[in-house]
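Enquirer: Structure incoming, see below.
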Amino acid sequence: MAIETTAVLEIGTSTVRVMVGELRSDGSVSVIGIGEAESRGIRKGEIINRDHAISCVRAALKAAEENLRKSIHSVHLVTSGGGAASKTSTGILKLVDPEDNQLSEIEDEDVAEIIEVARRVALPENRIKLHTLQQYFQVDDMVDVTSPLGMAGEELRLDMLTIHGKRSTVDNFRKIVDDAPIHCSDAVFSGLCSALAVVNDEQKKAGVLVIDIGGGTTDFALYYDGFIQDAASFAVGGEHVTNDIAVGLKIPSSQAEYVKLKEGSALTNLMERDHNISIPAQQGFSGKMVRAVTLNTIINARMEEILTLVKDHIDQHCPNTPMSAGVLLTGGGAFLNGVRDLGQKVFNVPCLHGKPFNVHGLPSAKDAPRYAAHVGCIRYAASLRAPEKKSSVGKKLLNMLWGDSHE
């Protein structure tokens, strides 16, 4: 039995993709429809031509509806642009009057109140709150408390991680969905979605980094001790690699994309200096021969920059955070030859493809990392609907945890 069908839309720099799926009673995700269209009007996760972007969204929706054989009326929007960042804040709740010499036992209402207090984060006017994610409680001097219910104390604290993005970018993408026209139920951070698709509880506890490398953006989420510790996005991705190749080798973008995927590698090998690669001709452009070491040096420079951006951000905001479960790569950029070995070199931990688990109906297991954000968004949407069968306090707690509001 399914909880409810969810349609997910991602307006990426390379591809506009719609996925329709449902979370089954056994916890698995069943994909029942996918529609895709080549993306136009988007660059570096930002809109540069609204009409082209709207046309692509309509094409992807139409393809998904034909695959599904029914109409789609609303979608959850996966956002990968907007320069997403995260900020940790602490809420404080006095449980007893300072003049009273009695400790107070913590109840559901106290937990709900401290969550509400902790999520009141002041952001600049140009930023929009995407998610508020609960971290540790503290009861007086007892730290790293995961559930304070029933404990006694004078003061309750809670750390909350807020993921936020650029308001104008998120609002513009939502307007494109509205103009498609279709209802936008929510906007969800791509890095969080990818993590929900590929990371299990043991990995979250041990420490794991999920990096989603798209066409124009790279998103990441870092887990440790069961909680997200850091998350952000950068406006650089696989299309930047293609552009670097086109400029460096003086070939058109279509040829650069072809040679990147067929012959390129994120690692350089000096043994390749005598190996040449043939780039086929295309209409208006002649073919040519290039050195493999030249091609891979160009790719390596940009891919190492992308991974180093993530590493430097983590080193600055969460220094010395263990990543015992390694690095998981998702998105189209995860398939570039040599990128896993380069990731292991940059982070000094094992680096693997992040494959969505417990999911059925994807086009192929090999391409699964491309769909991580979409599968995770289906899980996210289901987590917000689940509390409808629970108490009002329980619903409030889970909604605060996942941050279903945008302020």
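Enquirer: Considering the stretch 105-163 alone, what residues qualify as being of a type in the set (Ser, Thr, Tyr) and not in a loop (DSSP other than H, G, I, E, B)? Step through it out loud before you land on a result.
Expert: We begin by selecting, within the stretch 105-163, every residue of a type in the set (Ser, Thr, Tyr); these are 132, 136, 146-147, 162.
Once the filter is applied, which keeps residues that are of a type in the set (Ser, Thr, Tyr) and not in a loop (DSSP other than H, G, I, E, B), the stretch 105-163 yields Thr132, Tyr136, Thr162.
Enquirer: If you go through the stretch 282-297 one residue at a time, do you hit one that is of a type outside the set (Lys, Arg), surrounded by 15 or more Cβ atoms within 10 Å (Cβ to Cβ) and under 27 Å from Ala373 (Cα atoms)?
Expert: No, the stretch 282-297 has no match at all.
Enquirer: I need the full set of residues from the stretch 132-168 which are under 30 Å from Thr217 (Cβ atoms) and among the charged types (D, E, K, R), in order please.
Expert: Of everything in the stretch 132-168, those that are under 30 Å from Thr217 (Cβ atoms) and among the charged types (D, E, K, R) turn out to be Asp159, Lys166, Arg167.
Enquirer: Let me ask something additional. Within the stretch 191-208, can one find any residue that is on the phi > 0 side of the Ramachandran plot and modelled with pLDDT of 95 or more? Step through it out loud before you land on a result.
Expert: Our first condition is that a residue be on the phi > 0 side of the Ramachandran plot; within the stretch 191-208, this holds for 207.
This time we only want the ones that are modelled with pLDDT of 95 or more, so: 207.
Taking every residue of the stretch 191-208 in turn, at least one turns out to be on the phi > 0 side of the Ramachandran plot and modelled with pLDDT of 95 or more.
Enquirer: May I pose another question? Among the residues in the stretch 53-74, are any closer than 28 Å to Arg167 by Cβ, of a type in the set (A, V, I, L, M, F, W, C) and in a strand (DSSP E or B)?
Expert: Within the stretch 53-74 (the criterion being closer than 28 Å to Arg167 by Cβ, of a type in the set (A, V, I, L, M, F, W, C) and in a strand (DSSP E or B)), the answer is no, since none of the residues qualifies.
Enquirer: Another question about this same structure. If I ask for residues that are free of Cβ contacts under 8 Å to residues at least 60 places away in the same chain and under 14 Å from Ala256 (Cβ atoms), which ones from the stretch 290-320 would you list? Steps first, please.
Expert: Kept after step one, since they are free of Cβ contacts under 8 Å to residues at least 60 places away in the same chain, are these residues of the stretch 290-320: 290-301, 304, 308, 311-312, 315-316, 319-320.
Passing the criteria: Val290, Thr294, Leu295, Asn296, Ile298, Ile299.
Enquirer: Can you tell which of Ser39, Ser74, Ser55 is touching a His at 6+ places or on another chain (Cβ under 6 Å) and not assigned by TED's automatic domain parsing to the domain that holds His313? Reasoning before the result, please.
Expert: Working: Ser39 fails: touching a His at 6+ places or on another chain (Cβ under 6 Å); Ser55 fails: touching a His at 6+ places or on another chain (Cβ under 6 Å).
Unique residue meeting the criteria: Ser74.
Enquirer: Only residues that are free of Cβ contacts under 8 Å to residues at least 40 places away in the same chain and of a type in the set (Lys, Arg): list them for the stretch 5-59, please.
Expert: Arg24, Arg40 - these are the residues of the stretch 5-59 that are free of Cβ contacts under 8 Å to residues at least 40 places away in the same chain and of a type in the set (Lys, Arg).
Enquirer: Can you tell me which residue in the stretch 176-193 is nearest to Gly331 (Cα to Cα), limited to those that are part of a strand (DSSP E or B) and under 20 Å from the mean Cα position of the chain (by Cα)?
Expert: Let us first name the residues in the stretch 176-193 that are part of a strand (DSSP E or B), namely 183-189.
Now restrict to residues that are under 20 Å from the mean Cα position of the chain (by Cα): 184-189.
Numbers: Cys184: 23, Ser185: 23, Asp186: 21, Ala187: 18, Val188: 16, Phe189: 14 Å.
By that ranking, first place goes to Phe189.
Enquirer: While we're looking at this one, here's another question. Any idea how many residues of the stretch 118-159 are surrounded by fewer than 20 Cβ atoms within 10 Å (Cβ to Cβ), of a type in the set (S, T, N, Q) and within 22 Å of Phe189 (Cα to Cα)?
Expert: Looking only at that region, the number is 2.
Enquirer: Okay, next question. Go through (1) closer than 21 Å to Asp244 by Cα; (2) surrounded by 19 or more Cβ atoms within 10 Å (Cβ to Cβ); (3) of a type in the set (A, V, I, L, M) and name the single condition Leu329 misses.
Expert: Every listed condition holds for Leu329 apart from (1).
Enquirer: Only residues that are within 18 Å of Glu239 (Cα to Cα) and touching a helix residue (DSSP H, G or I) at 6+ places or on another chain (Cβ under 8 Å): list them for the stretch 1-35, please.
Expert: Within the stretch 1-35, Glu10, Ile11, Thr13, Ser14, Thr15, Val16, Arg17 meet the criteria.
Enquirer: It is to be established whether one or more residues within the stretch 322-336 are among the β-branched types (Val, Ile, Thr), outside the structural domain of Val259 (by TED's automatic domain parsing) and modelled with pLDDT of 95 or more. First the steps, then the outcome.
Expert: The first filter runs over the stretch 322-336 and keeps only residues among the β-branched types (Val, Ile, Thr), leaving 327, 330.
If we keep only those that are outside the structural domain of Val259 (by TED's automatic domain parsing) as well, we get none.
So far as the stretch 322-336 goes, no, none of its residues is among the β-branched types (Val, Ile, Thr), outside the structural domain of Val259 (by TED's automatic domain parsing) and modelled with pLDDT of 95 or more.
Enquirer: Please go through the stretch 302-349 and give me each residue that is closer than 14 Å to Phe234 by Cβ, of a type in the set (A, V, I, L, M, F, W, C) and in contact with a strand residue (DSSP E or B) (Cβ under 8 Å, 6 or more places away or on another chain), ordered by number.
Expert: Within the stretch 302-349, Ile306, Leu307, Leu309, Val310, Ile314 qualify.
Enquirer: Identify all residues within the stretch 20-52 that are in a strand (DSSP E or B), over 25 Å from Ile306 (Cβ atoms) and not small (Gly, Ala, Ser); write none if there are none. Can you show your working first?
Expert: The first filter runs over the stretch 20-52 and keeps only residues in a strand (DSSP E or B), leaving 20-24, 29-38, 42-43, 46-47.
Within this subset, residues satisfying the condition of being over 25 Å from Ile306 (Cβ atoms) are 20-24, 29-35, 37.
If the condition is that a residue be in a strand (DSSP E or B), over 25 Å from Ile306 (Cβ atoms) and not small (Gly, Ala, Ser), then Val20, Glu22, Leu23, Arg24, Val29, Val31, Ile32, Ile34 are the ones that fit.
Enquirer: On the given criteria, is Val293 in contact with a Lys or Arg (Cβ under 6 Å, 6 or more places away or on another chain) and either part of a strand (DSSP E or B) or farther than 14 Å from Ser194 by Cβ (or both)? First the steps, then the outcome.
Expert: Numbers: in contact with a Lys or Arg (Cβ under 6 Å, 6 or more places away or on another chain): yes; either part of a strand (DSSP E or B) or farther than 14 Å from Ser194 by Cβ (or both): yes.
Yes, satisfied.
The values are calculated or read from the model by the stated rules, or taken from the named source; none is laboratory data. Keep in mind that this is a model prediction, so the values were computed, not measured. No Cβ is skipped: glycine too gets one built from the backbone with ideal geometry, and neighbour counts run over all protein chains shown.
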